[in-house]
1. Please turn the phi angles of the stretch A:135-140 into ³J(HN,Hα) values with the Karplus equation 6.51 cos²θ - 1.76 cosθ + 1.60 (θ = phi - 60°), one per residue in order, whole Hz, x for glycine and proline.
2. Pairwise over distinct Cα atoms, reciprocal of the mean inverse distance: report the Kirkwood radius of chain D in Å, one decimal place.
3. Please compute the Kirkwood hydrodynamic radius of the protein assembly as shown from all pairs of different C-alpha atoms, in Å with one decimal.
4. Go through B:Thr84, D:Val82, C:Ala15 and say which Cα lies farthest out towards the positive end of the charge dipole of the protein assembly as shown; charges sit on Cβ, +1 for Lys and Arg, -1 for Asp and Glu.
5. For labels at C:Val82 and C:Glu182 in the simple 7 Å Cα→Cβ model, what's the distance in nm?
6. Can you list, shortest first in nanometers, how far A:Arg17 lies from the same residue in the other copies, with each label 7 Å from Cα toward Cβ?
7. Give the chain D residue with the shortest beta-carbon distance to the rotation axis relating chain D to chain A, plus that distance as a whole number of Å.
8. Kindly write out, for the stretch D:109-122 in residue order, the coupling ³J(HN,Hα) from the Karplus curve 6.51 cos²θ - 1.76 cosθ + 1.60 (θ = phi - 60°), rounded to whole Hz, with x marking Gly and Pro.
4 protein chains.
Amino acid sequence: MSYRTPKAIQEKKDAKRRHILDTAAKVFAKRGYYNTKVRDILEEAGISTGSFYFYFNNKEEVFEILYDEMINAYVSVLQEAVATMTDNAEHIGKSLIKAITLSLRAFQKNKELARIMLIGSVGISPQFEKKRTADYQKISLVFEEIFRKLLQKKAIRIPDPKVAAILFTGSIYSLITNWLQEDDSVELVKYTKPLIAYNLQALGVQYDDLDLENIY
Amino acid sequence: MSYRTPKAIQEKKDAKRRHILDTAAKVFAKRGYYNTKVRDILEEAGISTGSFYFYFNNKEEVFEILYDEMINAYVSVLQEAVATMTDNAEHIGKSLIKAITLSLRAFQKNKELARIMLIGSVGISPQFEKKRTADYQKISLVFEEIFRKLLQKKAIRIPDPKVAAILFTGSIYSLITNWLQEDDSVELVKYTKPLIAYNLQALGVQYDDLDLENIY
Amino acid sequence: MSYRTPKAIQEKKDAKRRHILDTAAKVFAKRGYYNTKVRDILEEAGISTGSFYFYFNNKEEVFEILYDEMINAYVSVLQEAVATMTDNAEHIGKSLIKAITLSLRAFQKNKELARIMLIGSVGISPQFEKKRTADYQKISLVFEEIFRKLLQKKAIRIPDPKVAAILFTGSIYSLITNWLQEDDSVELVKYTKPLIAYNLQALGVQYDDLDLENIY
Amino acid sequence: MSYRTPKAIQEKKDAKRRHILDTAAKVFAKRGYYNTKVRDILEEAGISTGSFYFYFNNKEEVFEILYDEMINAYVSVLQEAVATMTDNAEHIGKSLIKAITLSLRAFQKNKELARIMLIGSVGISPQFEKKRTADYQKISLVFEEIFRKLLQKKAIRIPDPKVAAILFTGSIYSLITNWLQEDDSVELVKYTKPLIAYNLQALGVQYDDLDLENIY
DNA sequence: GATGAATGAGATTTCATTCAT
DNA sequence: AATGAATGAAATCTCATTCAT
């Protein structure tokens with residue numbers, strides 16, 4: 001007979017909570033929000049209804065947590081990329097290459113959550129739609145500010161930094177969305193080079209072909 | 001001699017059918033597929049349950065019809081733009097400008113259906129998801145072939161026509177999606193110029209700034 | 001331009017009414033009361049909803065008319081058989097043989113109505129169930145009275161004429177029901193001989209084997 | 001140590017399931033399959049919609065279970081009767097008497113299920129109709145084989161064992177059906193004697209009147 | 001903490017019948 | 001007389017969530 005320390009108990013709880021989330025992510029990614037029934041998650045996770053509702057208030061909350069995790073993870077990646085950006089104009093190409101490369105890697109690493117973030121989060125509820133829009137605009141804003149700065153230095157050549165940011169992120173997401181819907185799981189990184197080329201060219205950035213060779 | 005003119009009846013039927021479709025489009029666009037209940041459409045359209053099911057088999061069918069209409073309308077627009085493309089290299093910029101301009105106008109003309117096509121059609125059902133993916137690939141393929149042709153003539157400079165086509169369409173859609181989620185009714189065409197600039201630059205096309213001034 | 005006499009008009013109406021009834025009989029026999037939708041009858045008859053409800057008040061009425069027709073036709077057959085029964089004891093066997101033979105022939109002649117009368121009329125509504133029970137008891141009563149008379153003359157040997165009548169009719173109906181559910185349409189009359197033998201023996205009637213040879 | 005005894009829970013579940021079935025039997029018997037709405041069963045049983053669908057998939061399944069129970073119970077009774085049949089010719093009368101007596105008792109014991117089996121199971125669906133026909137043929141076959149055997153020994157005198165079996169079972173069922181539709185609760189066994197007399201005579205079996213006196 | 005039986009609001013759909021033309 | 005579009009009550013069933021054990 002063992003006396004469990006409260007800490008051990010807490011760890012066990014955390015593990016179960018995590019297990020439910022991970023399972024839910026898998027199921028949501030496969031079927032989408034509305035076609036995923038709570039029962040599907042329960043069965044896949046091997047837990048009871050009661051447990052599910054002990055750890056979470058409802059289905060939407062579980063989805064929202066997963067969604068937030070994904071957005072935060074992605075924002076971290078972006079912030080990391082931005083942080084290493086120097087003001088040195090000659091490194092602009094390299095910096096943007098890094099931002100894109102890190103984005104793709106983040107999505108590839110967790111295909112399920114990518115699917116949730118980009119596809120599965122549509123049409124949940126009006127409130128959620130608002131949140132989703134806000135998140136996407138926040139991400140777009142990161143690039144918008146970078147572009148604005150670069151524009152001042154005449155390091156890039158675009159008429160409108162806001163629109164450019166939308167198009168930049170949009171092109172990345174469309175590629176990922178496309179990749180997610182391919183039956184055979186081609187390596188996402190295979191698309192990295194043309195993706196970078198397209199966007200750097202779009203921004204009017206002079207970039208070294210050599211930099212493109214060394215990506216990933 | 002019959003008691004009524006079948007033609008008049010048929011016209012009335014067509015009108016009612018159209019009315020249901022239009023109302024459904026409005027409601028779907030506002031609430032999304034799953035949050036739209038058949039009852040919502042009935043109330044908004046001021047018709048009875050029976051009428052709805054007299055004209056259509058079920059909710060999904062109504063959605064599918066609307067979706068197909070939108071896709072077909074958009075494909076027509078694209079084909080029109082492609083048809084006027086000459087082989088004359090110096091007109092490539094103009095041609096692509098036309099394709100983008102027509103696309104934006106098509107979406108602006110019918111904001112509701114644009115919302116359905118780009119946002120609301122996600123997660124309906126596995127079968128529908130297949131159809132949706134196929135449609136998007138078809139549209140992307142139109143551009144891919146154009147890019148392939150232009151590439152042979154060295155009129156554009158990109159490493160991969162397939163990826164370029166995805167990014168091209170993706171950037172357009174992301175702009176429209178963004179516009180759709182803006183509360184105020186900003187003119188979509190306001191974004192036309194930077195959108196074209198971004199993509200023409202991305203493709204490495206030499207374009208005349210004058211052409212951009214005269215759009216719309 | 002012809003002037004139709006009212007009589008001709010009436011005849012046309014009657015013909016249409018009959019056409020609807022005949023078609024309904026066919027459909028009811030095939031699918032049963034509840035699995036037959038008014039629409040099925042309309043389509044099969046090539047008429048409109050309005051016409052149907054012009055000639056009849058509702059679906060149940062149509063069924064009831066068909067049912068009554070069948071019962072009446074059957075009762076007529078029975079009465080005919082009873083009418084020819086003489087009080088001559090030596091003809092009792094022949095008379096019962098005739099009653100059974102005529103019954104079988106009546107059912108075979110109109111398989112559809114047989115199906116409606118014996119199988120398809122179950123579970124329509126509580127009121128209809130009452131009517132149905134009453135009709136069956138009426139038919140049974142015909143035989144009960146015959147048996148009662150024969151019993152007085154000691155022409156048959158049974159403990160209870162009422163029960164005998166139930167069993168007599170029941171055995172006939174069970175044979176027909178069985179026959180109706182055979183996939184291949186065997187000749188019902190093939191069963192006539194053993195059916196008669198069974199019941200005459202049951203009643204303790206002395207019968208001439210020769211009479212059995214000449215049936216039908 | 002778990003928080004509850006699974007056994008007790010299971011027993012409660014079984015009891016509830018049984019309660020639903022019994023209630024459904026009562027309602028089906030009273031109103032028939034089509035006039036019984038799921039709601040009627042819920043109200044009569046005092047349960048919620050959810051409970052009903054937790055225990056059963058749909059209304060038809062409940063009906064089918066009840067129907068199968070009845071058929072199986074009846075077949076058991078028959079098999080029991082058949083098992084005690086000896087090859088001793090002089091006991092043939094007694095054996096058939098026993099078979100009929102047990103049949104009647106089985107039906108009397110559960111009037112509701114008898115009603116379902118004999119009356120209420122008509123016209124549910126084409127598939128069910130097939131099953132029903134097959135079941136009835138199976139029961140008829142039990143008697144057919146007995147009759148065939150007795151025929152070889154010349155213990156009975158009938159022209160066709162198959163038809164005789166149909167008529168034998170048909171006569172029993174018609175009596176029960178009749179009894180079911182009587183308003184007052186007449187004892188079914190009251191009819192046993194004339195029923196046996198009719199059928200034994202029909203089969204040409206020599207029976208002892210004494211045996212008939214001691215039935216039930 | 002865990003379980004899963006129980007709940008019931010609410011969604012979709014059917015189909016007999018009506019009624020304007 | 002005929003048509004068939006329109007109606008809407010009513011039926012079945014789903015499934016997120018609750019709660020007694």
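Read-outs throughout are calculated quantities, based only on the coordinates presented, and are distinct from any laboratory measurement. All values derive from a computational prediction rather than experimental measurement. Note: ideal-geometry Cβ built from the backbone for every residue, glycine included; neighbour counts use all protein chains shown.
1. So the J values, rounded to whole Hz, are 4, 5, 5, 4, 5, 4.
2. On the way: mean 1/r = 0.0519 Å⁻¹.
The Cα-based Kirkwood calculation yields 19.3 Å.
3. 34.8 Å
4. The listed residue farthest towards the positive side: C:Ala15.
5. Reported label-point gap for C:Val82 and C:Glu182 is 3.0 nm.
6. Distances between equivalent label points, in nm: 3.8, 5.5, 7.9.
7. D:Gly50, 4
8. Rounded to whole hertz, the list is 4, 9, 4, 4, 5, 4, 4, 4, 5, 8, 10, x, 8, 8.
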